[in-house]
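Readers should treat all values here as calculations from the given coordinates under stated rules, not as data from a laboratory. All of these numbers come straight from a predicted model, not from anything done at the bench. Backbone-built Cβ (ideal geometry, glycine too); neighbour counts: all protein chains shown.
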Amino acid sequence: MEGLASDVEVGVSAAYTLPLAECGRDVADRVGGKALGLCELLRMDLPVPGGFVVTVEAYHHLMAVTGLREQVADLLREAAGERDTRKVSARIAELFAGVELPAAVADQVLAAYDALGADEPARVAVRSSATAEDTANASFAGQQETYLWIRGRDEVARHVLRCWASLFTPQAISYRAHFGVPLEDLGIAVVVQRMVPARGAGVLMTLEPVTGDRSQIYLEAGYGVGEGVVQGDVATDRHWIDKATLAPRRTEIGHKEHAHRFDVERAAGAVVEVPADQQDLPVLTDDELTALAQLGRTIEDGFGAPMDVEWAVADDSDPVAAGRVLVLQARPETVWSGREATTVVDPTAQPDDEPISPQDDWDPLHSRSAPSLHWSVDNLGEAAPGVLTPLCWSLWRSVGERACREAFYRLGALRADERGAPDDPADRILRIFHGRLALQVDFVAATGNRMPGTTGEEVVRGLFGQAPEDIDYTSTRRRYPAIAARLAALSVTGPAQVHRLARETDTWWQESTARAGSLGLRGATELLTEASDRFFATLSLHTLGLMGVVQPVYDALTRLVETTGVGDVAVLSGSGGAEMAVVGDIWRASRGEIDLAEVVARHGFHGPLEGELSGRVWREDDSPLRRLVGEYAQRPDSAGPRAREQRRREQAAVTTRELLAAVPRHRRPAVRALLALAAHRIPLRGVGKRSYLQSIDVARAAARRIGRCLVHDGRLGAVDDVFYLTVDELVAGVGEDMGRDGGGDTAELVARRRRRRDQHAALRIPNHWAGQPDLLDEAHTDVAVGDALSGVGVSSGVVEGPVRVVTHPDFAEVRPDEILVAPTTDPSWSSIMFVSAGLVVDIGGALSHAAVVARELGLPCVVSTRTGTRALSTGDRVRVDGTAGTVTVLQRATPPEDPPIS
């Protein structure tokens, strides 16, 4: 090409094109939704025409080097009404028509295009892949243009520019203005893909589009390319196929007079007449129909959601693809897949042995994932351990996703269009698998990659204890200015925000739990909604504080210790957090300084399974707390919290002097400032967590009150049946009609979900996985004397002692000075960790609850062992090395003798 714009340095990556096979979720913000969908299809080894994507960086580069960004911004400010918008759109189109691709962009685009053709230039489709498509707040799909049958280097370059210009059609300008999307958050990629000369083409949906029936596959087929089927301007054949058997259920053969085909003379697409003898024949053979249905089922399984698929069958003019069924595009179905289940339960069914399927709408505790996505139950597994009830999951589902995204948005790591929870469940980062709450690791890595002062890998490792190797941890600086500004402000104002909300929430918790028992059904339901709103406020601020205040300071402290080789993060990371306040008050109660009622009044939201709504906390059952007070009473004063804290301060003072001596004099003021920040900021983690646990406890109190009201009215059989309904079902059922005609259905639904939850609880899944979690063998993991389990050392020191494996936090069998081995911990475990000699946990990272409390208590601690609770047995003797992250078996427990034979 001639007359290409000159390049200037704009601080972006020089990778202006990517092969479709490399357009995964780790680069989704660079390649857009269409490219991402095609990449997922390629990773499933499905037949997809070759192509590449022109990345968002290329668009931003053009806007910067040509001055278009400022010119477009000026014009958009003039677009007040519909007439102005049309004029502005036309003027912006003229601006794009008057520029050429910058040289660096053109070199990569044209080289990628040349690679698509063998002996002659390929004909391609050039279509937009906007990064703002299908967001939670707006659906931009279809607002930009697609150009078909493009051939030649100059034409490809020109149509890439036209795709970029189509960001500013009148409808697109109006649409974004309505939803408040700013120009700086706007980006667009362009997919360039080989065109398939098609004998037939069409669309496929993996559910029935009118009724939402997921047991069917619906397919429309027309002659020629699929443009006419998508536009609806040609007649089609329609097929309904049984998803399980792939057998046709119903077929309607249309009278197909016209088709979209390539016109050789015009070298363009055209609508042509179908020969009369073919107009009433089926487009597809039986084998092709079956192959397409199988493809649809495979794609739905891979994406974990109902899908909308575009496909084609290549004609004989293509020597490579002739007769092949090809997938052109796949995107999640958006009408039915996000709706709440309305399944009517058959009361005569016997579901005890029903196979578990993510398509069981009545079971909210299991879902599907695209095969390339990574998930972890670590971190969130601390907050909500074990198999959740439907009510608890529905609370986390509605709040957790929004709170996490809100925190990263306020941090500056997410754009405005990424802020809200996606309507499509397949796009959400908080999911549930066999009842276990899981967080998408890819999302955490991607946001971590955007943050200055850390990396996606560091953030992932800090939250989950390990970082999958096949995730892209390449840092991007695009959002550094926004994040740096917000981090600076958050560093000053964040701690005060956390403490202020904590004080407000503490008062609200005490008042709300006190009045919950006297509320009627409507009042209790309103309190449940109020608790959900408070949960969002506390969880989002907790996450913001963790990622914006605690994590950066902890990472900086860790790097300081590692680079100097002096000091211990465990000693330097602060003390006196919210968890230690619980320990301190239990200790005071064991000394008679306060009574048990005062401990409950301050900390009654703690207790076994406190993150699960159906768990019974100390406020409802103080018997575990009484046992702990008794255990503490047996301990000498020298083992108390005050004595431990004094020893910790003395150790921290020595470590600080050693660390300061190890750095040059000019660096010492900065090191002192960092140590002061660490001492005050890292304990904030427990303050925020206390607040959101109090929100959960108010929801618990409201739910049990709703259950009592429904039992009194004869609508439920038992109070705790309420935990097998969802928040939406309870809110919608407050009216007088709830349970009258459908009472039997409600009772059966509760019973069915209870049985299914028991099924999920009987299964064991890994802590980390990609796609769908494998089911693990429950067999005990054999380890011999001398073997060592490896994990992450998060609290230094070495201790030897007998093992006590505790899988449920009732602490009935715990004895002092043992090595506590647990699957996970929450704040209620702090009280028993206090009398333990060391701690070994299956999951967790450096900022997990177990790690933070172990450091405050001075306990050697190893987390993320994965198999500790299965490999070790109560009575084993082990050595825990909290620095090396190992647990060595010194002696196996003696098995009980067989009873004598009588």
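Could you sort the peptides 465-473, 250-258, 440-448 by per-residue average Cβ neighbour count (10 Å cutoff), highest mean leading?
Result, highest mean Cβ count within 10 Å first: 440-448, 465-473, 250-258.
Kindly write out, for segment 305-311 in residue order, the coupling ³J(HN,Hα) from the Karplus curve 6.51 cos²θ - 1.76 cosθ + 1.60 (θ = phi - 60°), rounded to whole Hz, with x marking Gly and Pro.
After applying 6.51 cos²θ - 1.76 cosθ + 1.60, I find 7, x, 10, 10, 10, 9, 9 Hz.
Run through every distinct alpha carbon pair of segment 198-332 and return the Kirkwood hydrodynamic radius in angstroms, one decimal place.
In segment 198-332 this quantity evaluates to 15.0 Å.
Strictly under 4.7 angstrom between C-beta atoms: which cysteines of the chain have no such partner?
Cys with no partner Cβ under 4.7 Å: CYS163, CYS392, CYS404, CYS709, CYS861.
Have a look at the DSSP beta bridges in the chain and tell me what percent are antiparallel, nearest 5.
Just about 90 percent of them are antiparallel.
Around HIS258, which amide H atoms from residues at least 5 apart in sequence, or from another chain, sit under 5 Å from its own amide H, with H modelled in the peptide plane?
Under 5 Å from the amide H of HIS258 lie the amide H atoms of ALA235, VAL274, each far enough along the sequence or on another chain.
What percent do you get for the relative contact order of the chain when only Cα pairs under 8 Å and 6+ apart count?
In percent, rounded to a whole number, it is 10.
What would the Debye formula give as log10 I(q)/I(0) at q = 0.13, 0.24 Å⁻¹ for the alpha-carbon point model of segment 623-698, no solvent?
-0.70, -1.09
Provide the per-residue ³J(HN,Hα) series for segment 879-893, in order, calculated from phi with Karplus coefficients 6.51, -1.76, 1.60 and θ = phi - 60°, each as a whole number of Hz, with x at glycine and proline positions.
10, 9, 10, x, 8, 7, x, 10, 10, 9, 7, 9, 7, 8, 5
Which of the peptides 552-564, 361-373 is most tightly packed, and how do the rest follow, going by the mean number of other Cβ atoms within 10 Å of each residue?
In descending order of packing, they fall as 361-373, 552-564.
Grab every C-alpha pair in the chain, bin the distances at 20 angstrom width from 0 up to the longest one, and report whole percents.
Spelled out per bin, shortest first, that is 13, 40, 33, 12, 1, 0.
Kindly rank 200-209, 388-397, 595-604 from highest to lowest mean number of other beta carbons found within 10 Å of each residue.
Ranking, from highest mean packing down: 388-397, 200-209, 595-604.
Arrange the following residues from fewest to most other Cβ atoms within 10 Å of their Cβ: PHE536, PHE303, PHE433.
Listing PHE536, PHE303, PHE433 from fewest to most nearby Cβ atoms yields PHE536, PHE433, PHE303.
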